[in-house]
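Notes to accompany the following structure.
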Amino acid sequence: MLKPCPARLGAGLIPALVLLLQGPSGWAQGLEGPPEPRAACGERPAIDRCLVGSWRQSSGGPQEWLPRNLPPELFTRIAGSAQEVRYNADGTFQTGMASGEIDAARDGVAMQGRGRTAASGRWSASGGRLWSCPDALEVTGRVQITTPDTSGSFATPPVPRRPSQVIYSCAGNTLRTTMPTSRGSITTTYTRVVPGR
């Protein structure tokens, strides 16, 4: 039988993996609070024309925030692919497939988390807030646990589809999103994908 892993190790890895995989609009960890129907993904979404187009993460994000805020003696490796998203003028969005990996170890127990995610749905932006309302959300993750005696693995819990929001600014070919947290904000910068470049 697989022995229980240290509580601090297990309790931290799964939320960290979900945060690492989150979409550009913060579907996993966005700001709390109920959306306003007309402003957030309703029949008449508020469209900021600056956002329309394709974007690719160029800096920041959970990939940089997590190593600064997780204990390095526990979490030995954190890696994630650059997030990609397309915001369409009709108020829909699609993300590219993103992946993330986290390794952790303590007291002879090693854990490896691996995951992939993609989402599509509706978006809206007004008043410096960018809303994301996923209609389809694919999140697949698995955690491998190895002890001196045995090993085993389990799937990560399902992530619910729910509206979420981030603070944003958009100018020209640069988009920045910010998610406040109790340990400081997670700021992510995206660069517009220009066809032919």
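The values are calculated or read from the model by the stated rules, or taken from the named source; none is laboratory data. For clarity, every value in this text was computed on a predicted model and none was experimentally measured. Cβ placement follows ideal geometry from the backbone for every residue including glycine, while neighbour counts extend to all protein chains displayed. Ligands, DNA and RNA are stripped out before the accessible areas are found, and what is left, the full protein with its side chains, is counted by its heavy atoms. Shrake-Rupley method; radii C 1.70, N 1.55, O 1.52, S 1.80 Å.
Could you work out the local net charge near GLY184, counting Lys and Arg as +1, Asp and Glu as -1, over the other residues with Cβ closer than 14 Å to its Cβ? Charge balance in the 14 Å sphere: +1. With 0.36 nm allotted per residue and the present C-alpha distance subtracted, the GLU64-ARG86 stretch has 5.7 nm of extension available. The distance linking the stretch 138-180 with the stretch 88-128 is 4 Å (Cα centroid to Cα centroid, whole angstrom).
Sequentially through the stretch 92-109, phi angles give Karplus couplings (6.51, -1.76, 1.60; θ = phi - 60°) of 10, 9, 9, 9, x, 6, 10, 9, x, 9, 9, 10, 9, 7, 6, 6, x, 10 Hz, Gly and Pro residues having no value and appearing as x. Of the residues GLY152, CYS170, SER132, the one whose Cα sits farthest toward the positive end of the charge dipole of the stretch 95-197, with +1 on the Cβ of Lys and Arg and -1 on the Cβ of Asp and Glu, is CYS170.
In terms of its C-alpha gyration tensor, the stretch 66-164 has a prolate overall shape, because the principal axis ratio a/c (a ≥ b ≥ c, square roots of the eigenvalues) is not below 1.5 and a/b outweighs b/c. Modelled spin labels at GLN94 and GLU73, positioned 7 Å past Cα toward Cβ, are 4.8 nm from each other. Rolling a 1.4 Å probe across the protein heavy atoms gives the stretch 139-197 an accessible surface of 58 Å² per residue. The relative contact order of the stretch 87-133, computed from alpha carbon pairs under 8 Å that lie at least 6 residues apart in sequence, is 36 percent. Between the beta carbons of VAL52 and ASP107, assuming R0 = 35 Å, the FRET efficiency works out to 0.10 to the nearest 0.05.
For CYS50, the accessible surface of its heavy atoms amounts to roughly 30 Å² (probe 1.4 Å, protein chains only, rounded to the nearest 10).
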